[in-house]
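For reference, the structure discussed in these notes is given below.
The values are calculated or read from the model by the stated rules, or taken from the named source; none is laboratory data. All of these numbers come straight from a predicted model, not from anything done at the bench. Quick reminder, even Gly has a Cβ in these numbers, built from the backbone with ideal geometry, and neighbours come from all protein chains shown. These area figures cover heavy atoms from the full protein model, side chains too; ligands, DNA and RNA do not enter into them. Shrake-Rupley method; radii C 1.70, N 1.55, O 1.52, S 1.80 Å.
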Amino acid sequence: MNFDIPQDIRNYLVILDDFIEREILPLQMQDDNMRFFDHRREHARTDWDNQGLPRPEWEALLGEMRRRADAAGHLRFALPREYDGQDGSNLAMAVIREHLAAKGLGLHNDLQNESSIVGNFPQVLMFRDFGTPEQREYFIKGMLEGRARIAFGLTEPEHGSDATWMETRAVPEVRGGVKGWCINGSKMWNTGMHVATHDMIFARTSGEDGSALGISCLLVPTDTPGFQIEEYLWTFNMPTDHPRISLKDVWVPADALFGEEGRGLELAQHFVHENRIRQAASGVGAAQYCINESVEYARERKPFGKPLAANQAIQFPLVELHTEAEMVRNLVYKTAWQMDRMSKREVAVHLSGQVSMCNYRANRLVCQAADQAMQVHGGIGYSRHKPFEHIYRHHRRYRITEGAEEIQIRKIAGHLFRFISAPKSS
């Protein structure tokens with residue numbers, strides 16, 4: 001077995017670092033853009049008097065970063081070459097995401113909203129694999145050019161991990177001689193709605209509550225009558241773009257159906273493994289940043305006439321975290337490497353448990369590392385003049401969202417105790 005990172009990936013990290021130095025860091029430093037990353041970051045980013053939404057200047061800066069990254073050929077790295085990507089592998093994306101997060105806060109890879117010079121485009125692949133020719137033509141091109149922005153409406157006020165019990169309903173209805181669907185219900189944490197042109201609304205169209213079958217995905221334009229943003233939920237990590245929405249007699253034509261009727265949850269599961277392994281890699285990178293910063297501070301700070309680093313009470317917790325980071329990193333790399341050798345369907349059958357191991361352990365690790373960094377740095381660590389509180393606030397959500405750690409642990413248990421069985425080969 002060879003545990004070396006492939007040379008082409010290592011070479012690409014050098015290219016990315018050079019691009020950051022030449023293009024991104026100067027942009028971050030000009031026009032007081034540092035206000036979005038130093039102790040003023042939460043206020044600079046948040047329009048408190050406009051529902052806590054992102055300030056336009058902040059989103060404009062992110063947009064310029066993405067434009068430069070796209071022009072340099074980095075933004076679409078993970079996408080297929082047919083979409084001007086580089087067919088970036090899962091292993092490459094894991095290594096890159098860890099590398100960028102380990103640099104700390106910056107325009108190159110912002111934690112608060114997952115914006116990076118190397119982008120993540122799960123919905124592009126959803127349309128490639130599930131969309132009609134017309135949907136692929138309109139939405140893929142529109143998303144890559146910034147004309148189409150699509151939110152994801154799965155979670156509901158009363159239903160999160162129990163998505164099969166969702167209460168949103170869609171029933172067939174003909175209007176003006178055109179077949180379509182009439183939707184009633186509500187959705188929660190519908191991220192990106194303040195700029196979305198469409199929302200992927202998951203609704204039960206058939207079947208019984210609790211059944212994975214019978215849920216369909218409908219592409220709903222956000223200006224459709226009856227589609228209403230009710231409130232934006234303020235979160236631990238601001239600004240917010242996570243609203244609660246309601247749908248009252250919202251009608252869409254039949255061609256708004258995305259994927260096969262009644263099998264919408266297959267779409268929702270389509271990108272989960274790639275997302276989770278990349279989040280895990282980012283968590284390891286951010287955790288390592290917290291560990292490294294704490295080690296340096298402990299060596300430099302000299303209370304009572306000797307470095308903090310001389311105290312085992314400082315050494316031991318950081319050694320534990322450093323060891324955990326090394327173990328999780330290797331599991332992430334191994335799992336990503338294995339994913340590159342399987343189809344999506346095979347990954348779901350054979351690696352889903354390992355992906356969950358990577359994700360929940362990395363999410364815990366980075367929260368523990370950020371908390372320990374605050375402790376090592378003392379008062380200044382608790383302040384916003386250090387980035388640890390920002391790192392903690394961002395990564396703490398991943399112990400809940402996109403698969404709470406309890407759900408992921410349950411999945412691992414299902415494989416371990418054989419409640420979940422791999423299908424027999426024919």
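Listed values, structure above:
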item: Over the range 240-297 - Rg/Rh using Cα atoms and the Kirkwood inverse-distance radius; result: 1.26
item: FRET efficiency, 1/(1 + (r/R0)^6) with R0 30 Å, evaluated for Met327 and Ser421 via beta carbons; result: 0.60
item: Mean ellipticity per residue at 222 nm, deg cm²/dmol - from DSSP H runs of n ≥ 4 across the chain, formula -39500 (n - 2.57); result: -14000 deg cm²/dmol
item: Stokes-Einstein D (µm²/s) once Rh is taken as the Kirkwood radius of the range 281-426 over alpha-carbon pairs, at 25 °C in 0.890 mPa s; result: 146 µm²/s
item: Three-way shape call for the range 237-350 based on the alpha-carbon gyration tensor, with the a/c threshold at 1.5; result: oblate
item: Relative contact order (%) - criterion: Cα under 8 Å, at least six apart; region: the chain; result: 15 percent
item: DSSP bridge orientation in the range 101-208 - percent antiparallel, rounded to nearest 5; result: 65 percent
item: Total charge dipole magnitude, the chain, about the Cα centre, Cβ charges on Lys, Arg, Asp, Glu only, Debye to nearest 20; result: 940 debye
item: Estimated inter-spin distance, Gln375 and Arg301, nm [label 7 Å along Cα→Cβ]; result: 1.2 nm
item: The chain, accessible surface, carbon-and-sulfur percent (1.4 angstrom probe); result: 52 percent
item: Rounded tilt (10° steps) of 56-71 against the dominant C-alpha axis of the chain; result: 90 degrees
item: Accessible area in square angstrom per residue, the chain, 1.4 angstrom probe; result: 48 Å²
item: Cα gyration tensor shape for the range 54-101, rounded if a/c is under 1.5, else prolate or oblate; result: oblate
item: Stokes-Einstein diffusion coefficient of the range 98-165, Kirkwood radius over Cα pairs, 25 °C, 0.890 mPa s, in µm²/s; result: 168 µm²/s
item: Selected from Val366, Pro56, His270, residue furthest toward positive end of dipole (the chain; charges at beta carbon); result: Val366
item: Spatial separation of Cα centroids for the range 314-337 and the range 65-82, in angstrom; result: 30 Å
item: Cα-based reach from Lys302 at 25 Å (exclusive), listing lysines while leaving out same-chain residues under 8 positions away; result: Lys386
item: Entries in Lys141/Lys187; Lys103/Lys334; Lys187/Lys334; Lys248/Lys411; Lys103/Lys187 that, when Cα-Cα distance is taken, lie over 25 Å; result: Lys141/Lys187; Lys187/Lys334; Lys248/Lys411; Lys103/Lys187
item: In degrees, nearest ten, helix 352-377 long axis to first principal axis of the chain (Cα); result: 40 degrees
item: Counting all C-alpha pairs of the range 1-138, share separated by more than 21 Å (%); result: 49 percent
item: Residue of Glu231, Glu82, Glu261 that the Gaussian network model of the chain assigns the largest fluctuation, springs spanning Cα pairs under 10 Å; result: Glu82
item: Cα-based Kirkwood hydrodynamic radius, the range 177-227, one decimal, Å; result: 12.5 Å
item: Gain in span if fully extended, Asp255 to Arg22, counting 0.36 nm per residue against the direct Cα distance; result: 79.3 nm
item: For the range 188-210 and the range 19-55, distance of Cα centres in Å; result: 30 Å
item: Distance histogram for the range 58-188 (every C-alpha pair counted, 10 angstrom bins, percent rounded to whole numbers); result: 10, 30, 32, 20, 7, 1
item: Fluctuation leader among Phe152, Phe271, Phe304 - the chain, Gaussian network, Cα springs under 10 angstrom; result: Phe304
item: Reciprocal mean inverse distance between Cα atoms of the range 355-395 - Kirkwood radius, Å; result: 10.4 Å
item: Residue of Asn359, Asn11, Asn90 that the Gaussian network model of the chain assigns the largest fluctuation, springs spanning Cα pairs under 10 Å; result: Asn11
item: Label assignment, Rg and Dmax of the Cα atoms in Å derived from the structure, set [x] 22.4, 71; [y] 20.4, 62; [z] 22.4, 84; result: [z]
item: Where N is the number of residues in the range 133-179, Cα Rg divided by 2.2 N^0.38 Å; result: 1.64
item: Cα point-scatterer Debye curve for the range 329-389, base-10 log of I(q)/I(0) at q = 0.17, 0.20, 0.24, 0.29 Å⁻¹; result: -0.64, -0.72, -0.88, -1.09
